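Right, one structure below, let's go through it.
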Amino acid sequence: MIGKLAWLAAAALIAHGATTALAQNYPNRPIKIVVPTPAGGPVDVMARLVANQISPVLGQTAFIDNRGGAANTLGSAEVARAAPDGYTLLYSSASGLVIAPMLQKNAGYDPLKSYAPIAIVAATSNILVVQPSVPATSVAELVAYAKANPGKINFSSGGIGTLPHLIGEYFKAHAGLDVVHVPYRGGGPSIQDVVAGNIQYTFEGISVLRPLIEEGRLRALAVTSARRSPLLPNVPTMIESGFADFQSTSWTGLLAPHGTPADIIAKLNGAVNTALATSEMKSALEKLAGEGLGGAPVELTKVIESDLGKWGPIVKALNLQTE
């Protein structure tokens, strides 16, 4: 028995030594960052910014591998199965990491159990807008208008299960509204029909809607972030508009496969925080209407847990999960 315990202790020491050596030499080759969406989209754009900024910090090239497909779950599942050595990472968002596996029963990964969070990188606010012909200049007036016209008011999104759809359902439930969701094949057509007057309101990202707001083709009522956006400082938050705890952002973050050594996670976390402090990154985020976040890995865990608690009941109530 004593011999067996000694062997196990020796094996543990050897394994610890191997892990320490791996972390000390990390990285010694290029790092692949998998993005589970097609090239050119907002998550991909953010991922490329991060890759470009952390490469000189780490002394190795970080490159992007777009693995879109299966409703954004293909790439995420691949990273969940990858070796936990720090050379295959995942750059994802609330939609891809949290909402997608809620919608698909066998997505192939669990947002909390399959990964080791590295850092939450940035967040962008969504904004509630109405068609200018709608007689509402505030959230309270929109609620009153909708309640005076039950079943006659429509809100749009880029598709069932997208973040704007779930935010719209969250608003509907919290305000006690009888409104109709109209899903489109993408955010572009959804926004176009609000501009055209076929739809009364929608929630979408500030970077997309800001030009239309400034042109007077849409009217902004409130942002969904905890604080007002510096890009639209005169637009109140949903919280200021009377909806306590109404907060939702489109965040992105960097993760590694579960079991990746803590020392490697620490190195990657430090690289992300260093990148976020650069003027180049701050300027790029400002152009994308994003707010740099960073901090410890646990901050990303907290956001994931919060979104699971927020969107899970809505997905379940709407019976959105597929086999």
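The values are calculated or read from the model by the stated rules, or taken from the named source; none is laboratory data. Keep in mind that what you see is a predicted model, and the values were worked out from it rather than measured. Glycine gets a Cβ as well: all are built from the backbone with ideal geometry, and neighbour counts include every protein chain shown. Each accessible area value is taken on the protein alone, full model and side chains, heavy atoms only, with ligands, DNA and RNA left out. Shrake-Rupley method; radii C 1.70, N 1.55, O 1.52, S 1.80 Å.
Less than 9 Å Cβ to Cβ from residue 75, Lys/Arg counted +1 and Asp/Glu -1: what total charge do the surrounding residues give? Don't skip to the end; give the middle numbers.
Working: positive: 67; negative: 65, 78.
Charge balance near residue 75 sits at -1.
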*asked:* What do you get for the angle between helix 163-175 and the principal long axis of the chain? Use alpha-carbon atoms, 0 to 90 degrees, nearest ten.
replied: 60
*asked:* Under 19 Å between alpha carbons: how many lysine pairs meet that in the chain, if sequence neighbours fewer than 8 apart on the same chain are excluded?
replied: 11
_Debye intensity ratio I(q)/I(0), log10, the chain, q values 0.12 Å⁻¹ (C-alpha model)_ = -0.83
*Counting Lys and Arg as +1 and Asp and Glu as -1, each charge on the Cβ, what is the dipole of the chain about the Cα centre in debye, to the nearest 20?*
280
*So if R0 is 45 Å, what FRET efficiency would residue 28 and residue 214 give, r being the distance between their Cβ atoms, rounded to the nearest 0.05?*
0.40
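If you count only protein heavy atoms with a 1.4 Å probe, what accessible area per residue comes out for the chain, rounded to a whole Å²?
Using a 1.4 Å probe on heavy atoms only, each residue of the chain averages 45 Å².
Using just the helices of the chain, give the 222 nm mean residue ellipticity in deg cm²/dmol: DSSP H runs with n ≥ 4 each add -39,500 (n - 2.57), and the total is spread over all residues, rounded to 500. Walk me through the intermediate numbers first.
Details: 11 runs with 139 residues, N = 323.
The per-residue figure over the chain is -13500 deg cm²/dmol.
Whenever you get a sec, compute what percent of the accessible area on the chain sits on carbon and sulfur atoms (1.4 Å probe).
On the way: 8100 of 14560 Å².
Looking at the chain in its full context, I get 56 percent from C and S.
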*Answer rounded, prolate or oblate for the stretch 68-129, using the Cα gyration tensor with square roots of eigenvalues a ≥ b ≥ c: rounded when a/c is under 1.5, else prolate when a/b is larger than b/c, else oblate.*
oblate
*So what's the gap between the Cα centers of the stretch 94-172 and the stretch 208-272, to the nearest angstrom?*
13
